[in-house]
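All remarks here apply to the structure that follows.
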Amino acid sequence: MHVIDSDGHLHEPFDLFERHIDKEFYSMRPRVVELRDEQRDEGRWLVEGRLVPRLPFTKGVGGGGFRYQTPRHAQMRAKDNSLDDIEGRLQDLNQMAIDFQVVYPTALVWVFDLENTELAAAVCRAYNNYIAEQCARAPKRLSGVALVPIQDPPAAVEEARRAIQKLGLLGVVIPGIVGNKPLHAEEFIPFFEAMNELNAPIGFHAVTGMHYTPWADCFTDFFSTHVTAMPFSMMVAMMSMVRSGLLKTLPHLRCAFLEIGASWLPYWNWWVGKHIEHVLEPRAGRKESNWGKAPYELPSTVHEPSEDILEGRILSGFETDENLRSIIDQLGSKGFMYASDYPHSDMEWNRVQAIKGSEALTGAEKADLLGENARRFYNLQI
């Protein structure tokens, strides 16, 4: 059974932009600054005059700063949480029984909030160059997805093409909403059309306190922010993709909603599907809803999300303490992928072994969850 980690991570090294950013943006480069007092000794990114992650007791607070110099876990063989120590990371993958890992960014998703779109594009190029360069040292075990400046859709298309076609990255990562603008807004359609043309997937991902996420600004403590903003942002993203109708017209468009487990998907599939049914297929004897009339009318290609989940074009990660049997009974086994979350603090080192040993799952279901779905999603030739 080939095990593919659909959502591993790196912590971007402090000197990434000293090494990789275009010369004309060097003076504006994001930097890490140290905050030292009696309660903390940590680094935060300084960019456009703002600190990220957000400070404690501020709205949308982040989960603390970064201490990249040492590993987060006693089991780790990698010297730090970046992608600089490839040999150490491979030893960690071996410990977790992972054959291939797809690497996502951590802090740099703050790029989605940058107001200077040219700087945002330069940050994305620097990051993509770094991850492609590092993964090329172990191409049979590692690859990554590209950051793209989605707030500037034409620039996002340009960087997606470069990162996928020239650098060999597997897909892109974008947030669930761009500022206050939903992804079903007309200006994003060319971006999704380009991803369909590239036959490359989109990973939707949120990181608490790094960029705008729905409802985050209601809270000033990490617990409330993380519990609420993470799943809500992915729910918003899935609603937008379903509401756009593009999954019908763009046959190679594939979407994964990551970092929030899988138990949300049966509920959200029902809730979004219920609304689509109410709009497009009024039940006998019921008056047609105003939602089905202009200006609320949905595109004719909109359909219930269960179709795309069952086909493996809408996917979610999962956790081992979830009732996977119940989830699969409702939505099949094609819509879920193993995700390690390595090297984050809440990762589980024995998740692969737990899934392999589960008596509630069939062998075919285990193969789907641990590798086959991710292989198809990322179009991996391994």
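All of the numbers you see were taken from the coordinates with simple rules; none came from a lab. Everything quoted here is computed from the prediction, not taken from an experiment. A quick note on method: Cβ atoms are made from the backbone with ideal geometry, for glycine too, and the neighbour counts reach across all protein chains shown.
Given Lys140/Lys334; Lys23/Lys79; Lys23/Lys181; Lys140/Lys166, which pairs have Cα atoms separated by over 20 Å?
The pairs that break the limit, which is 20 Å between Cα atoms, are Lys140/Lys334; Lys23/Lys79; Lys23/Lys181.
Labels on offer are (i) 32, 25, 21; (ii) 37, 30, 19; (iii) 38, 26, 18, and the one holding semi-axes √(5λ) of the Cα gyration tensor in Å computed from this structure is (i). Sequentially through segment 23-33, phi angles give Karplus couplings (6.51, -1.76, 1.60; θ = phi - 60°) of 4, 5, 10, 4, 5, 9, 4, x, 9, 9, 10 Hz, Gly and Pro residues having no value and appearing as x. Residues within the reach of a label modelled at Gln353 (point 7 angstrom out along Cα to beta-carbon, backbone nitrogen below 16 Å), restricted to segment 76-93, are 76-77, 92-93. Across segment 254-264, coupling constants 3J(HN,Hα) worked out from phi with the 6.51/-1.76/1.60 Karplus curve, θ = phi - 60°, read 9, 10, 10, 10, 10, 5, 10, x, 10, 5, 5 Hz, and Gly and Pro carry x.
Loop-located trypsin sites (Lys or Arg not before Pro) in segment 100-140 (DSSP state other than H, G, I, E, B) with a sparse environment of at most 11 neighbouring Cβ atoms within 10 Å: Lys140.
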